[in-house]
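The values are calculated or read from the model by the stated rules, or taken from the named source; none is laboratory data. As the structure is a computational prediction, the values presented were derived from the model and not from experiment. We place every Cβ from the backbone using ideal geometry, glycine too, and count neighbours over all the protein chains shown. All accessible areas refer to the heavy atoms of the entire protein, side chains included, with ligands and DNA or RNA removed. Shrake-Rupley method; radii C 1.70, N 1.55, O 1.52, S 1.80 Å.
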Amino acid sequence: MIRNLVIIGSITLISSWTWSIFSQNLFIGICCILLSLLLLLNFNNYKPVLLQRFMQTAVICLWVILAVYSFTTSFDKNLFHIAENQYIVVLKRQEIYSREFNSFYRNRFGINYFNKMQPFLNRYSANISNIFDLENLFISRLPLLFLPFTITGLFYLLKIFNKQYAYIMIIILVISGLLNTKNILGPIIIYPIIYASIGVGFNKLLNLMR
Amino acid sequence: MKYKKRLLLLIIIFAACLRFYKLGEIPAGIHADEVSHGYNAFSLMETGKDRYGQSFPILFRSFGSYQPPLYTYLSILPVKVFGNTIFAARFVSATAGVILVLITYLFAMQIFNFKYKNKLALISAFIVAISPWSIFFNRLTAEGSLGVTIFTLSILFFTYSLKKMIYFPIACLILGLSTHAYYSERIISIILLPTFILLFRDYFFNNKRWILVGLSIFLVSLIPHLLIASSGALTKRLVQVGLLNGYFPLGEIIKRYITYFSPTNLFFDTGENLGRISSDMGIFYSWFIIPFFTGIRFINKYLNIGYLKILVLLIFITPVSAALTGDSFYPLRVLDLIWIFSLIIAVGIYSIYETFPKKFTLILLVLASLLSVWSFYISYFVLFKYERAKDYGYSYVFLLKHLKKYPEYRIIIDSTREYGVGLRIAYLTRYNPADLQSQLQSQLKTPYYSSDVNMHENYKIGNIETRFFDWEEANHKNTILVGDILSVSDIQAKEHHLIHAFDVEDLTGNITLRAYFTNPVE
């Protein structure tokens, strides 16, 4: 328990991302660190029976707080309608589709699919892609020093991946698709997973060195 | 077993359809680098020399990028058969892509080690057949397409050599050939060969004779490079695009290296940049991210440790050459790595199929694949054709149709911002290579192999000249001046008494070229 505390504490101290979160919103910063610690304890199988239920509840509550905060600060309003700078592109594409697909496009289904559904899906998938952006994470927010620990940690997490983690990931993906990249705090919804992975990786590499 | 061979044949036919369908029309137009291969192949076919008059070059000078030679030499046959067409220029790339699908199947059959490896091998071949990266680059005159095919063929033979040493020299020969196919393989192959031997040193050191034969063959294959190493031509491309300009920026190189593993770049649209495949499309389909991570999770279940080592080695070394360049993400330079990722995705798909109810999963996967191919069709065969036509000089290709109506006029085309104009015209009109050689030879300011290359060249093809605009031309009669929208402003046209002749539009209806009759005032 103490080792995990020390690991999380050290990682967060070195990381400029954590400091920027703290400087913008102390409460969210604390939630992020607490959630990272709880996940790290979970991944390292620290599960005293008495604390299990408490940990599960705490994890869910903290994640809900982060999700609600993300929604309120960076919900993508352009998701359901076309942004001004995209409008010209969509207009031009309407001409292209009309030329290429003829009556296959020029009907209610075709027009709705190409003009509404497709831009929505593209935008949604672009938003999801932000949480996987290694460049954004390791070049802008985290020191490169953390990279080997993160990769080791993620590999280990893949090995122990189970249904529970799958559900969490699906929920995170669904939520991320609704968020834009304009949040000053960054993709805080995945902050706890990243930091917990770093912690797991650090633990594993330490154990290897012994 | 027979139905599996039929399935493989179906996959290969499907791959061929995706690569050869409207190959000469999409991308619309032909890029300067593509036409360079085409014209050089034509010139070699007719005269045994490239367009600068160099006999059977080791590297093709080509606007200073010194294109690796293998693609051009292999293009001689398609140019002979299909003529000077865009299809002929792209033929080798498309064919290499189809062969890659077969190599993937054979490689998967070799490395996967369990009862149903045939199914996994078929899935691997299918993933390569339908992946956006594969189709996109196979439909361009891309040396990288040929490079990845030859490189993976060498890897296949290296895996064969782990059972029979006689394959080792063959693998070394093919690896050596890959260094003449694309730039990336020059660096990767030199790292790969000794590392591979060290990785399996217990096996290889008991067969030293074969090692020596293999290494000798590999070194002999590099002799053409060594012959021109001191000229600066061999490293010219790295100097053009590389980060290593007098110093070693380790931090930048590591950052570049990481970008090739970023799931955002692999599975999602990277936006308007060099690394983009086509609109709203990543290198892989977005849903492949799930089998990708699943594949990482389960890959060691289907491979023995030896082959896993090979994959890990390839994953680490294949992005090295790309990491040394200044572009943040350029998939053409890491096709070998992307091919490995395709195998991992195939493992993931198979694992998902094994884990969940089979019929339901199969239907879901087939549906997902069909939807993916459909979305690729919209993105590439429809949107890309129109939206990126300007990047492939479509307007200049279309311009030729207009210019045929004015055989009695002298036509001057501004090549300030489009260095491939003259060469496109030369290729598509089958301009006599001997005449072009004498034109271009006289413009060479440095030896053929040199680190200093003048990129801009003037061409005179019949009544058509391509060069920088000189307003003196406005004083000549019976002349048509053609340029892009920046070449001649309305004020300049009035000032020089030019009469508007015609416009050339791109596929989206935007005017890209304007032509004017001169009207000299006496």
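Just give me the residues in the range A:82-129 being open to solvent by less than 40 Å² (accessible area, probe 1.4 Å) and away from every other protein chain (no Cβ under 12 Å), in sequence order.
A:83, A:115
Is it the case that the range A:188-207 has a residue that's in contact with a Lys or Arg (Cβ under 8 Å, 6 or more places away or on another chain) and closer than 27 Å to residue A:122 by Cβ?
Taking every residue of the range A:188-207 in turn, none turns out to be in contact with a Lys or Arg (Cβ under 8 Å, 6 or more places away or on another chain) and closer than 27 Å to residue A:122 by Cβ.
Going through B:77, B:106 one at a time, which residue ends up being more than 28 Å from residue B:265 (Cβ to Cβ), free of Cβ contacts under 8 Å to residues at least 24 places away in the same chain, aliphatic (A, V, I, L, M) and surrounded by fewer than 23 Cβ atoms within 10 Å (Cβ to Cβ)?
Of the residues listed, the single one that is more than 28 Å from residue B:265 (Cβ to Cβ), free of Cβ contacts under 8 Å to residues at least 24 places away in the same chain, aliphatic (A, V, I, L, M) and surrounded by fewer than 23 Cβ atoms within 10 Å (Cβ to Cβ) is B:77.
In the list B:254, B:277, which residue meets the criterion of being within 20 Å of residue B:335 (Cα to Cα), of a type in the set (A, V, I, L, M) and at the interface with chain A (Cβ under 10 Å from one of its Cβ atoms)?
Result: B:254 is the single residue among B:254, B:277 that is within 20 Å of residue B:335 (Cα to Cα), of a type in the set (A, V, I, L, M) and at the interface with chain A (Cβ under 10 Å from one of its Cβ atoms).
Within the range B:1-41, which residues are among the β-branched types (Val, Ile, Thr) and closer than 30 Å to residue B:393 by Cβ?
Those that are among the β-branched types (Val, Ile, Thr) and closer than 30 Å to residue B:393 by Cβ: B:26, B:30, B:35.
Within the group B:429, B:446, B:479, which residue is among the hydroxyl-bearing types (Ser, Thr, Tyr) and open to solvent by less than 10 Å² (accessible area, probe 1.4 Å)?
B:479 is the lone residue from the list that is among the hydroxyl-bearing types (Ser, Thr, Tyr) and open to solvent by less than 10 Å² (accessible area, probe 1.4 Å).
Tell me, yes or no, whether the range B:313-320 has at least one residue that is facing chain A (nearest Cβ under 8 Å), over 29 Å from residue B:390 (Cα atoms) and either basic (Lys, Arg) or assigned to a loop (DSSP other than H, G, I, E, B) (or both).
Scanning the range B:313-320 turns up no residue that is facing chain A (nearest Cβ under 8 Å), over 29 Å from residue B:390 (Cα atoms) and either basic (Lys, Arg) or assigned to a loop (DSSP other than H, G, I, E, B) (or both).
Identify all residues within the range B:52-74 that are without any contact (Cβ under 8 Å) to a residue 60 or more places away in the chain and surrounded by fewer than 20 Cβ atoms within 10 Å (Cβ to Cβ); write none if there are none.
Result: B:55, B:56, B:73.
Give B:298, B:284 a once-over and let me know the one that is more than 22 Å from residue B:251 (Cα to Cα) and outside any helix (DSSP H, G or I).
B:284
Taking the condition of being within 24 Å of residue B:271 (Cβ to Cβ) and open to solvent by less than 30 Å² (accessible area, probe 1.4 Å), how many residues in the range B:345-372 meet it?
Residues flagged as within 24 Å of residue B:271 (Cβ to Cβ) and open to solvent by less than 30 Å² (accessible area, probe 1.4 Å) within the range B:345-372 amount to 2.
On the given criteria, is residue A:73 touching a residue at least 40 places away in the same chain (Cβ under 8 Å), more than 14 Å from chain B (Cβ to nearest Cβ) and out of contact with any His (no Cβ under 7 Å at 6 or more places or on another chain)?
Judged against the criteria, residue A:73 is a match.
Only one of these is at pLDDT below 95 and under 23 Å from residue A:169 (Cα atoms): B:328, B:375, B:286, B:278. Name it.
Just one listed residue meets the conditions, B:286.
Would a scan of the range A:183-194 turn up a residue that is more than 17 Å from residue B:263 (Cα to Cα) and either within 11 Å of chain B (Cβ to nearest Cβ) or open to solvent by 30 Å² or more (accessible area, probe 1.4 Å) (or both)?
Yes; the residues of the range A:183-194 include at least one that is more than 17 Å from residue B:263 (Cα to Cα) and either within 11 Å of chain B (Cβ to nearest Cβ) or open to solvent by 30 Å² or more (accessible area, probe 1.4 Å) (or both).
Are any residues in the range B:231-242 outside any helix (DSSP H, G or I), at pLDDT 85 or above and open to solvent by less than 50 Å² (accessible area, probe 1.4 Å), and if so, which ones?
Residues satisfying the conditions are B:232, B:233, B:234.
Please find, within the range B:258-273, the residue that is modelled with the lowest pLDDT out of those that are in a loop (DSSP other than H, G, I, E, B) and at the interface with another protein chain (Cβ under 7 Å from one of its Cβ atoms).
So, considering only residues that are in a loop (DSSP other than H, G, I, E, B) and at the interface with another protein chain (Cβ under 7 Å from one of its Cβ atoms), the one modelled with the lowest pLDDT is B:269.
Of everything in the range A:30-48 that's at pLDDT 90 or above and open to solvent by less than 20 Å² (accessible area, probe 1.4 Å), which residue is farthest from residue A:192 (Cα to Cα)?
A:31
Taking into account only those residues within the range A:171-188 that are at pLDDT 85 or above and over 11 Å from the mean Cα position of the chain (by Cα), which is farthest from residue A:63 (Cα to Cα)?
Residue satisfying both the conditions and the ranking: A:180.
In the range A:130-167, which residues are β-branched (Val, Ile, Thr), at the interface with chain B (Cβ under 10 Å from one of its Cβ atoms) and out of contact with any Ser or Thr (no Cβ under 7 Å at 6 or more places or on another chain)?
A:139, A:151, A:160
Taking the condition within 14 Å of chain A (Cβ to nearest Cβ), open to solvent by less than 30 Å² (accessible area, probe 1.4 Å) and of a type in the set (Phe, Trp, Tyr), does residue B:392 pass?
Spelling it out, it is not the case that residue B:392 is within 14 Å of chain A (Cβ to nearest Cβ), open to solvent by less than 30 Å² (accessible area, probe 1.4 Å) and of a type in the set (Phe, Trp, Tyr).
Can residue B:245 be described as over 24 Å from residue B:68 (Cα atoms), open to solvent by 60 Å² or more (accessible area, probe 1.4 Å) and part of a loop (DSSP other than H, G, I, E, B)?
No; evaluated as a whole, the condition is false for this residue.
State whether the residues of the range B:134-142 include one that is touching a helix residue (DSSP H, G or I) at 6+ places or on another chain (Cβ under 9 Å), more than 27 Å from residue B:283 (Cα to Cα) and either polar (S, T, N, Q) or open to solvent by 10 Å² or more (accessible area, probe 1.4 Å) (or both).
Taking every residue of the range B:134-142 in turn, none turns out to be touching a helix residue (DSSP H, G or I) at 6+ places or on another chain (Cβ under 9 Å), more than 27 Å from residue B:283 (Cα to Cα) and either polar (S, T, N, Q) or open to solvent by 10 Å² or more (accessible area, probe 1.4 Å) (or both).
Taking residue A:168 as the residue in question, decide whether it is part of a helix (DSSP H, G or I), on the phi < 0 side of the Ramachandran plot and at pLDDT below 90.
It is true that residue A:168 is part of a helix (DSSP H, G or I), on the phi < 0 side of the Ramachandran plot and at pLDDT below 90.
Report yes if residue B:291 is of a type outside the set (Val, Ile, Thr), more than 10 Å from chain A (Cβ to nearest Cβ) and open to solvent by less than 20 Å² (accessible area, probe 1.4 Å), otherwise no.
Spelling it out, residue B:291 is indeed of a type outside the set (Val, Ile, Thr), more than 10 Å from chain A (Cβ to nearest Cβ) and open to solvent by less than 20 Å² (accessible area, probe 1.4 Å).
So residue B:248 ticks every box in (1) on the phi < 0 side of the Ramachandran plot; (2) in contact with a helix residue (DSSP H, G or I) (Cβ under 9 Å, 6 or more places away or on another chain) but one. Which box is left unticked?
(2)
In this structure, does residue A:157 turn out to be out of contact with any Gly (no Cβ under 9 Å at 6 or more places or on another chain) and at pLDDT 90 or above?
It is false that residue A:157 is out of contact with any Gly (no Cβ under 9 Å at 6 or more places or on another chain) and at pLDDT 90 or above.
From B:254, B:228, B:211, which residue is surrounded by 12 or more Cβ atoms within 10 Å (Cβ to Cβ), more than 18 Å from residue B:324 (Cβ to Cβ) and more than 24 Å from the chain's Cα centre (by Cα)?
B:211
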